[in-house]
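One structure is given below, encoded as structure tokens.
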Amino acid sequence: MSLFVKYRIENRQLTAENRVFLDQLTFGQQVASPDATQLPVTLAVALLKNRNGEIDINLPISGSLDDPEFSIGGLIVRVIVNVLVKAVTSPFALLGSVFGGGEELSTIDFAVGEAKLTAEAQKRLETLGKALIDRPALKLDIEGHTDLQSDPEGLKRYRLLSKVRALKREDLTKKGVESGSAETVEVDAKEYPALLERVYRAEKFPKPRNLIGMVKGLPVEEMEKLILANTVADEEELRDLADRRAKAVLDGLLARDVPAERLFLLPVKLVASDGKADAAAQARESRVALSLK
């Protein structure tokens, strides 16, 4: 262990830096003691110790020399306890103070009804992956969520768009154009109405007809409304959506070389958000929740 200290007293006010460097800190066998701390020391050390087994931490303190309760030792202990408490209450904030990202790293958000990682999600996984590699003692629980208020409609709309993309992909394939998967096919605003009408006419639900019994042509909004109204997103599909979200996060971290034995998929969770909340608030449960251990 090495210690660098810098103390400054001005107008009887102390400002101090206490930089502590610990190399290869390990714990012995746990011993039952009434004086033992109940704080998560092991988790805190895992958050602070880098891949080389080093802990480099600054413990700043300040106080008035005129304070009758002033104690340098007491202040240092208080700072250390605060670090340990932060490991329980805000472990991602503690991790984010080193790698960036802060508490936001505790969730990976998804578009409503979708399980595809967004650009922002990829950015968070990049930061989280680097942090986990540099903190080899940490393990991560991954819990996929779906929102029972907003995800069913989002899932139905996503399924509709997938059918539109699949039709365009079929058209491109017939023309000998390589288009990749349907997920990557782009549909522009001019193409969409005609493709949507083909999807609409292929659906099996009853449709408005004209005087001679032919299926009536409808505006885009009405076709979408009828298709969505006759599409069901049941609980099994919502659980599958949550599962696919969790696996997308898992795969994203594995692709960033985080060892599989440190990543754990938890049972998925279907969350009933407040139906009166705004769309942004509801979408917060369209996510994957992460927890460190």
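Residue count for the stretch 110-134 under the criterion of being surrounded by fewer than 21 Cβ atoms within 10 Å (Cβ to Cβ) and farther than 27 Å from E237 by Cα: the result is 7.
You will find that of E120, E126, E183, the residue that is acidic (D, E) and in contact with a helix residue (DSSP H, G or I) (Cβ under 8 Å, 6 or more places away or on another chain) is E183 and no other.
Of the residues in the stretch 141-153, at least one is touching a helix residue (DSSP H, G or I) at 6+ places or on another chain (Cβ under 7 Å) and under 26 Å from L48 (Cα atoms). Of the residues making up the stretch 159-181, those that are within 24 Å of A115 (Cβ to Cβ) and among the β-branched types (V, I, T) number 1.
Look at R169 and say whether it is outside the structural domain of E285 (by TED's automatic domain parsing) and in a helix (DSSP H, G or I).
Details: outside the structural domain of E285 (by TED's automatic domain parsing): yes; in a helix (DSSP H, G or I): yes.
Yes; evaluated as a whole, the condition is true for this residue.
I142 meets each of the listed conditions (1) out of contact with any strand residue (DSSP E or B) (no Cβ under 9 Å at 6 or more places or on another chain); (2) modelled with pLDDT of 90 or more; (3) of a type in the set (A, V, I, L, M, F, W, C); (4) surrounded by 14 or more Cβ atoms within 10 Å (Cβ to Cβ) apart from (1).
Does G154 satisfy the criteria of being in contact with a Leu (Cβ under 6 Å, 6 or more places away or on another chain) and part of a helix (DSSP H, G or I)? Reasoning before the result, please.
On the way: in contact with a Leu (Cβ under 6 Å, 6 or more places away or on another chain): no; part of a helix (DSSP H, G or I): yes.
In short, no.
Criterion applied to L263, L211, L196 was being over 20 Å from E114 (Cβ atoms), more than 23 Å from the chain's Cα centre (by Cα) and either surrounded by 11 or more Cβ atoms within 10 Å (Cβ to Cβ) or without any contact (Cβ under 8 Å) to a residue 24 or more places away in the chain (or both), and the one residue passing it is L211. Scan the stretch 90-109 and give yes if some residue there is crowded, with 20+ Cβ neighbours inside 10 Å, among the polar types (S, T, N, Q) and more than 30 Å from S181 (Cα to Cα), otherwise no. So far as the stretch 90-109 goes, yes, one or more of its residues are crowded, with 20+ Cβ neighbours inside 10 Å, among the polar types (S, T, N, Q) and more than 30 Å from S181 (Cα to Cα). Within the option set A119, A202, A166, A189, being free of Cβ contacts under 8 Å to residues at least 40 places away in the same chain and within 30 Å of E261 (Cβ to Cβ) holds for one residue only, A119.
The values are calculated or read from the model by the stated rules, or taken from the named source; none is laboratory data. If you're wondering where the values come from, they're calculated on a predicted model, not measured in any experiment. Neighbour counts are summed over all protein chains in view; Cβ atoms, including those assigned to glycine, are modelled from backbone coordinates with ideal geometry.
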